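Report on the following structure.
The values are calculated or read from the model by the stated rules, or taken from the named source; none is laboratory data. Keep in mind the model is a prediction, meaning the values are calculated, not measured. So basically every Cβ, Gly included, is an ideal-geometry build from the backbone, and we count neighbours across all protein chains shown. Ligands, DNA and RNA are stripped out before the accessible areas are found, and what is left, the full protein with its side chains, is counted by its heavy atoms. Shrake-Rupley method; radii C 1.70, N 1.55, O 1.52, S 1.80 Å.
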Amino acid sequence: MHAPPPAALAAELLARLEDNAVPGRAAGEKRYLRSDLHHIGVPLPAMRGVVRSFTRRSGQGLGHAELVDLVTDLWAEPVHEHRSTALLLLDAYAPLLRPDDTALLEDLLRTCATWAHTDLLAPFAAGRLLLRHPRQTTPAVLRWTADEAQWVRRGGILCFLPALRGEDTFTRWFPVFTTAVDPLLDDDRFFVRKAIGWTLREGTKHHAAAVTGWLTPRLSRAASLTVREALKRLPDDARAPLLAAHAAAHPRRGRRHAPTRRPEAPQ
């Protein structure tokens with residue numbers, strides 16, 4: 001079975017998105033995300049439903065070339081929901097991605113304008129590609145992690161989420177991840193600090209001792225946001241001494257104004 005041309009598939013998807021737009025939602029979402037993109041007001045669960053329906057009805061014959069063309073078409077317009085749908089398609093068709101698609105994924109990361117898109121791309125399509133083709137894709141992911149651009153760096157960090165979450169894959173990937181993020185502990189950007197902590201937190205699911213063993217001698221360098229995120233899964237009796245040690249390593253000097261918290265996903 002052959003899928004229709006990508007332009008026709010894109011038009012079908014865009015029509016379904018418009019059908020799922022919620023009146024009055026677009027303005028509030030745009031404010032919440034501090035977005036420069038146009039918003040039409042489709043909730044993420046509805047977008048996921050559109051993609052699921054698409055894969056069942058229209059996308060069964062989609063090949064690699066058609067997927068890339070479709071994603072490129074959807075990403076071309078600066079519309080939040082169009083771009084979100086492109087990333088959800090990459091997740092749905094992740095087995096079609098090949099090592100040389102890191103170039104496409106990097107282009108998308110570099111043009112992400114929000115954490116919401118970085119977080120749809122990196123842990124799913126890119127993170128799964130890293131696990132399937134580690135030798136070919138690791139250099140690209142490490143390059144993203146070291147990149148100065150905020151969303152590229154956050155994306156590189158979050159690519160390791162599936163690897164550290166897995167009980168069997170943690171041992172191989174934890175040294176790679178920690179070597180990459182150790183020099184980033186001094187990064188003062190909220191979204192970078194949160195990404196490091198979030199990824200460490202996933203590692204504590206099965207390997208808490210390894211994570212805390214790496215983090216403990218770095219408490220003087222790690223941001224409180226990173227530490228809090230990393231330790232969330234730990235029981236109180238294991239978390240409290242580490243939080244106290246971090247606080248002792250960062251004594252308050254006078255009254256400081258708390259930094260403005262940026263909107264963030266609930267992870």
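Among the candidates Ala21, Ala10, single out the residue that is surrounded by fewer than 18 Cβ atoms within 10 Å (Cβ to Cβ) and either part of a helix (DSSP H, G or I) or not acidic (Asp, Glu) (or both). So that I can check it myself, show each step before the final result.
Working: Ala10 fails: surrounded by fewer than 18 Cβ atoms within 10 Å (Cβ to Cβ).
When all the criteria are applied, what remains is Ala21.
Please work out which residue is nearest to Thr171 (Cα to Cα), limiting yourself to the range 182-201 and to residues that are assigned to a helix (DSSP H, G or I) and open to solvent by 10 Å² or more (accessible area, probe 1.4 Å).
Step one: of the range 182-201, the residues assigned to a helix (DSSP H, G or I) are 182-184, 190-201.
This time we only want the ones that are open to solvent by 10 Å² or more (accessible area, probe 1.4 Å), so: 182-184, 190, 193, 198, 201.
On the way: Asp182: 17, Pro183: 21, Leu184: 21, Phe190: 28, Arg193: 23, Trp198: 18, Arg201: 15 Å.
Per the stated criteria, the residue is Arg201.
So which residues in the range 76-105 are open to solvent by 40 Å² or more (accessible area, probe 1.4 Å), at pLDDT 95 or above and not in a helix (DSSP H, G or I)?
If the condition is that a residue be open to solvent by 40 Å² or more (accessible area, probe 1.4 Å), at pLDDT 95 or above and not in a helix (DSSP H, G or I), then Pro78, Arg98 are the ones that fit.
Only one of Arg25, Arg31, Arg98 is of a type outside the set (Ser, Thr, Tyr) and without any contact (Cβ under 8 Å) to a residue 12 or more places away in the chain; which? Even if it seems obvious, please write down each step before you answer.
Working: Arg25 fails: without any contact (Cβ under 8 Å) to a residue 12 or more places away in the chain; Arg98 fails: without any contact (Cβ under 8 Å) to a residue 12 or more places away in the chain.
Going through Arg25, Arg31, Arg98 in turn, the sole match is Arg31.
Go through (1) open to solvent by 10 Å² or more (accessible area, probe 1.4 Å); (2) in contact with a helix residue (DSSP H, G or I) (Cβ under 8 Å, 6 or more places away or on another chain); (3) under 21 Å from Arg16 (Cβ atoms) one by one and return the number of the condition Thr138 breaks.
(3)
Within the range 30-45, is even one residue under 19 Å from Pro123 (Cβ atoms) and not aliphatic (A, V, I, L, M)? Show your work before the answer.
Here is the first cut: in the range 30-45, the ones under 19 Å from Pro123 (Cβ atoms) are 33, 44-45.
Next cut, not aliphatic (A, V, I, L, M) only: 45.
Checking the range 30-45: at least one residue is under 19 Å from Pro123 (Cβ atoms) and not aliphatic (A, V, I, L, M).
What pairs come out if I take residues in the range 117-138 that are over 13 Å from Pro162 (Cβ atoms) and pair them with residues that are acidic (Asp, Glu) and surrounded by 24 or more Cβ atoms within 10 Å (Cβ to Cβ) whose C-beta lies under 9 Å away, six or more apart or interchain?
none
Could you go through the range 33-45 and let me know if any residue there is of a type in the set (S, T, N, Q) and assigned to a helix (DSSP H, G or I).
Going residue by residue through the range 33-45, those that are of a type in the set (S, T, N, Q) are 35.
Filter once more, keeping what is assigned to a helix (DSSP H, G or I): none.
No - not one qualifying residue is present in the range 33-45.
Here is a yes/no grid of residues against (1) at pLDDT below 95; (2) of a type in the set (S, T, N, Q):
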position	(1), (2)
His2	yes, no
Pro6	yes, no
Glu12	yes, no
Leu17	no, no
His38	no, no
Leu44	no, no
Val51	no, no
Thr55	yes, yes
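I need a count of the residues in the range 56-75 that are loosely packed, with under 15 Cβ neighbours inside 10 Å and touching a helix residue (DSSP H, G or I) at 6+ places or on another chain (Cβ under 8 Å). Step through it out loud before you land on a result.
We begin by selecting, within the range 56-75, every residue loosely packed, with under 15 Cβ neighbours inside 10 Å; these are 56-57, 60-61, 63-65.
Among the residues that remain, those that are also touching a helix residue (DSSP H, G or I) at 6+ places or on another chain (Cβ under 8 Å) are: 63-64.
Total satisfying the criteria: 2.
What about Leu109, is it crowded, with 21+ Cβ neighbours inside 10 Å, without any contact (Cβ under 8 Å) to a residue 40 or more places away in the chain and under 20 Å from Arg143 (Cβ atoms)? Lay out the reasoning, then the answer.
Details: crowded, with 21+ Cβ neighbours inside 10 Å: yes; without any contact (Cβ under 8 Å) to a residue 40 or more places away in the chain: no; under 20 Å from Arg143 (Cβ atoms): yes.
Here the answer is no, as Leu109 does not meet what is asked.
Which members of the range 218-241 meet the condition of being outside any helix (DSSP H, G or I) and under 24 Å from Arg189 (Cβ atoms)?
Of the range 218-241, the ones outside any helix (DSSP H, G or I) are 219-223, 232-235.
Listed by number, the residues that qualify are Leu219, Ser220, Arg221, Ala222, Ala223, Lys232, Arg233.
Among the residues in the range 206-225, are any over 29 Å from Pro251 (Cα atoms), over 18 Å from the mean Cα position of the chain (by Cα) and basic (Lys, Arg)?
Step one: list which residues in the range 206-225 are over 29 Å from Pro251 (Cα atoms), which gives 206-207.
Filter again for over 18 Å from the mean Cα position of the chain (by Cα), leaving 206-207.
Still in the running and basic (Lys, Arg): none.
No, that holds for no residue.
Select from the range 141-159 the residues that are in contact with a helix residue (DSSP H, G or I) (Cβ under 6 Å, 6 or more places away or on another chain), open to solvent by 10 Å² or more (accessible area, probe 1.4 Å) and not in a helix (DSSP H, G or I) and list them in ascending order.
Asp147, the sole residue that qualifies.
Could you list all residues from the range 168-181 that are touching a Ser or Thr at 6+ places or on another chain (Cβ under 8 Å) and surrounded by fewer than 20 Cβ atoms within 10 Å (Cβ to Cβ)?
Filtering the range 168-181 for residues touching a Ser or Thr at 6+ places or on another chain (Cβ under 8 Å) gives 176-177, 180-181.
The answer is Val176, and nothing else.
Kindly provide the set of residues from the range 208-253 that are among the small types (Gly, Ala, Ser), open to solvent by 30 Å² or more (accessible area, probe 1.4 Å) and more than 19 Å from Leu161 (Cα to Cα), ordered by number.
Ser220, Ser224, Ala238, Ala240, Ala244, Ala245, Ala247, Ala248, Ala249
Could you grab me the full set of residues in the range 38-55 that are buried (at least 17 other Cβ atoms within 10 Å of the Cβ) and within 17 Å of Ala10 (Cβ to Cβ)?
Selection gives Ile40, Val42, Met47, Val50, Val51, Phe54.
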